[in-house]
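First comes the structure, then the notes that go with it.
The values are calculated or read from the model by the stated rules, or taken from the named source; none is laboratory data. Keep in mind the model is a prediction, meaning the values are calculated, not measured. Glycine also receives a Cβ, built like all others from the backbone with ideal geometry; neighbour counts cover every protein chain displayed. Calculation scope for accessible area: heavy atoms of the full protein, side chains included, ligands and nucleic acids excluded. Shrake-Rupley method; radii C 1.70, N 1.55, O 1.52, S 1.80 Å.
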Amino acid sequence: MRIFLAGASGVLGSRLVPLLIAAGHDVAGMTRSPEKAQRLAAAGAEPVVCDVFDAAALTTAVTEYAPELVMHQLTDLPDDPARLAEGRAANARIRREGTANLLAAAEAVGVTRIIAQSVAWEMTGEGQVSKEFLEKSVRAAGGVVLRYGQFYGPGTYYPDAPPEPPRIHLDEAAARTARALDLASGLYELTDAEGPEFLPIT
């Protein structure tokens with residue numbers, strides 16, 4: 001399958017790319033960073049340097065790659081957990097505007113398989129509003145929403161000990177995402193508590 005992965009250089013995307021390639025898929029990995037694009041190329045992906053907020057450039061990139069599936073693993077979170085509060089507005093924006101632009105690009109090229117990242121806990125304020133926007137928009141497009149628990153493991157905010165539930169080890173999240181490509185449209189929760197099967201929430 002040809003997969004356009006937005007957020008390919010993120011904490012989950014960077015682990016997901018080699019799994020998808022090992023499974024025989026062709027992957028275009030989108031990132032905003034030319035430096036990270038080199039890492040994606042080294043991992044075997046076709047790097048795409050693009051800002052999701054540049055709707056025209058994004059549509060061109062998706063159209064040129066002609067994927068069979070578009071995957072949305074975009075977040076905009078600080079590396080330092082102490083700055084999480086500062087990053088909430090940026091992450092809410094990427095869930096709203098980024099999601100809208102990515103879905104429009106997928107529609108322009110006729111892609112009907114869409115997978116998007118959400119979270120398995122209730123948020124507050126603009127975070128919850130943007131989460132609901134992402135989930136409703138993706139499902140309205142016939143896509144799949146994966147609600148992940150809090151990531152833990154190397155490279156996450158919880159590298160040494162797991163957080164309170166809902167949670168999922170980052171490597172397990174990547175492995176299960178790589179197996180989620182043929183899921184029927186719906187909402188699915190990926191947490192330690194759910195086990196290895198994909199059980200639709202609704």
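Quick notes on this one:
- Environment charge at Val109 (Cβ cut-off 14 Å; Lys +1, Arg +1, Asp -1, Glu -1): -1
- Rough spin-label spacing in nm, given labels placed 7 Å along Cα→Cβ, for Gln128 and Ala82: 3.0
- In this structure the amide hydrogen of Gly186, modeled in the peptide plane, comes within under 5 Å of the amide hydrogens of Val144, Val145, none closer than 5 places in sequence on its chain.
- Subtracting the Cα-Cα distance of Asp26 and Ala41 from 0.36 nm times their residue separation leaves 4.2 nm of extension gain.
- Rounded percent of accessible protein surface that carbon and sulfur make up, region 1-52, 1.4 Å probe: 51
- Relative contact order [Cα under 8 Å, 6+ residues apart], region 1-96, whole percent: 31
- Local net charge near Gly29, Cβ-Cβ under 15 Å (Lys/Arg +1, Asp/Glu -1): 0
- Helix-only CD estimate at 222 nm, as mean residue ellipticity for the chain, using -39500 (n - 2.57) per DSSP H run (n ≥ 4): -11500 deg cm²/dmol
- Entry for Kirkwood radius over Cα pairs in Å (calculated from the structure that is shown) out of (i) 18.3; (ii) 16.8; (iii) 20.1: (ii)
- Secondary structure note: in the chain, about 5% of the DSSP beta bridges are antiparallel.
- The Cβ shell under 15 Å around Gly195 holds other residues with a net charge of -1, Lys and Arg each +1, Asp and Glu each -1.
- Relative contact order (%) - the chain, alpha-carbon pairs under 8 angstrom, separation at least six: 18
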